[in-house]
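The values are calculated or read from the model by the stated rules, or taken from the named source; none is laboratory data. Note that the coordinates shown come from a computational prediction; the quantities given were computed from them, not determined experimentally. For neighbour counting, all protein chains shown are included, and Cβ atoms are generated from backbone atoms with ideal geometry for every residue, glycine included. With ligands, DNA and RNA removed, areas are computed over all heavy atoms of the protein, side chains included. Shrake-Rupley method; radii C 1.70, N 1.55, O 1.52, S 1.80 Å.
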Amino acid sequence: MAIGDRTATIFGGGGFIGRHLVRRLARADAVVRVPTRHAARVKVLRTAGFVGQIVPEMIDVFDDAELAAAIQGADVVVNLIGILHQTRRDSFVKVHEELPGRIARVAAAAGVPRLVHVSALGAAADSPSAYARCKAAGETAVLANFPNATILRPSIVFGPEDDFFNRFAAMSLVSPVLPLIGGGSTRFQPIYVGDVADAIMAAIERSDAQGRTYELGGPSVLTFRELMEKMMALTGRRRLLAPIPWGVAKLMASVAQWLPNPPLTPDQVELLRRDNVVSGAAPGLAELGIRATAPDVILPTYLDRFRPGGRFSKEIRA
């Protein structure tokens, strides 16, 4: 499906991946609806298109009538909504399992031709993590209601606004120690946010993507320790990497989870027990016609602000 002059409804369009996707859709001349509970987050996106092209819509995504109104008349629906930890208001079951199924059901009833659901690498019904189990249940709910939906499972996503490298780089500014949960041996396959946005665009446009699940990973497989070492090399900040046994990490997380924006939760500790890399059994970026971008190309463009002396410092201290 060529997206030009068509209407796309993007749930989660104000988020990290969503902002990159909305800009790509605008460049392709699509009219983009961005339903949201937080209008301030998406107002800035209006400047990415011509007047009236990008339309933020204040809705409650958990209200069926408002959900249907946001989807009605759309040619494409993309669901990017996700949370990293649960709150009293939003649980994994509510956001990752029930909501995707409802979006798929309403999209099917409205006759929407294309649905793309962004899940997560590691989604599995037998995972020790509630996050991963609910992600898997959400995929099942989507396909039960919209069998031709395309599901994308990215590994950890990096880019200028990410919540991974930026978080640990900021931590290195104030702490002489960085924790390695479980010893830092968990493997990841970081993928650039621009590649994920391109994958969504390809899933929309390619007819052979319908009804398929793609695992998205970058060109490099790195352990948690190696990711921290890479971050420190780029920022020029030497910090002690302290291995934290699983049991101790779980205890620390049981306390940290009560903070307003917890740095670690018990469920995240469970999630880290399994590697986050593509299985090789499912299609990936190559099958969508995308060449993965190496972390070493992108990371220096935004981690340089954490160098001693700031972004424009010419010297990196080891």
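At what distance in nm do the modelled label points of T301 and V93 sit from each other, each positioned 7 Å from its Cα along Cα→Cβ?
Placing both labels 7 Å beyond Cα along the Cβ direction yields 4.2 nm.
Which stretch or stretches of the range 1-40 have amide N atoms under 19 Å from the point lying 7 Å from D63's Cα along the Cα→Cβ direction?
Once the point is set 7 Å along Cα→Cβ of D63, 10-13, 33-40 turn out to lie under 19 Å by backbone N, inside the range 1-40.
Which residues does the label zone of S254 cover in the range 86-103, counting backbone N under 19 Å from a point 7 Å along Cα→Cβ?
Zone members listed by number: 86.
Per residue, how big is the convex hull of the chain when only Cα atoms are used? Give it in Å³.
Taking only Cα atoms, the chain has a hull volume of 134 Å³ per residue.
Starting from the residue with the highest accessible area, list V31, V174, V297, V269 in decreasing order, probe 1.4 Å.
So, going from the largest accessible area down, we get V174, V297, V31, V269.
Calculate the length of the line joining the C-alpha centroid of the range 66-112 to that of the range 191-205, in whole Å.
Between the Cα centre of the range 66-112 and that of the range 191-205, the gap is 19 Å.
Using a 1.4 Å probe over the heavy atoms of the protein chains, calculate the carbon and sulfur portion of the accessible area of the chain as a whole percent.
It is 54 percent, rounded to a whole number.
What fraction of the Cα pairs in the range 131-198, stated in percent, has a spacing above 16 angstrom?
In whole percent, the long-distance tail amounts to 67.
Taking the Cα centre of the range 179-318 as the origin, how large is its charge dipole in debye, to the nearest 20, when only Lys and Arg (+1) and Asp and Glu (-1) carry charge on their Cβ atoms?
Here the range 179-318 has a charge dipole of around 740 debye.
Evaluate the relative contact order of the range 132-277 (contact order divided by residue number), counting alpha-carbon pairs under 8 angstrom at least 6 apart; express in whole percent.
33 percent
Just name one of G236, G211, V277: the one whose Cα is farthest towards the positive end of the charge dipole of the range 162-292 (beta-carbon charges, Lys/Arg +1, Asp/Glu -1).
G236
So what is the calculated 222 nm ellipticity per residue for the chain, using -39500 (n - 2.57) for each DSSP H run with n of 4 or more, over all residues, to the nearest 500 deg cm²/dmol?
Theoretical 222 nm ellipticity from helices: -10500 deg cm²/dmol.
Please give the per residue accessible area of the chain, computed with a probe of 1.4 Å over protein heavy atoms only, in Å².
I get 45 Å² per residue for this part.
With an 8 Å Cα cut-off and a minimum separation of 6 or more residues, compute the relative contact order for the chain in percent.
Taking the mean separation of contacting Cα pairs over the length of the chain, I get 17 percent.
When the gyration tensor of the range 12-112 is built from Cα positions, what are the square roots of 5 times its three eigenvalues, in whole Å, from largest to smallest?
22, 17, 11
Let me have the relative contact order for the range 18-150, percent, based on Cα pairs under 8 Å that are six or more residues apart.
Answer for the range 18-150 is 20 percent.
Measure up K43/K230; K43/K250; K94/K250 against 29 Å on the Cα-Cα distance and list the ones that go over.
K43/K230; K43/K250
In debye, nearest 20: dipole of the chain around its Cα centre with unit charges on the Cβ of K, R (+) and D, E (-)?
The calculated dipole for the chain is roughly 980 debye.
In debye, nearest 20, what is the charge dipole magnitude of the range 86-194 about its Cα centre with +1 on Lys and Arg Cβ and -1 on Asp and Glu Cβ, if you could check?
It works out to roughly 200 debye.
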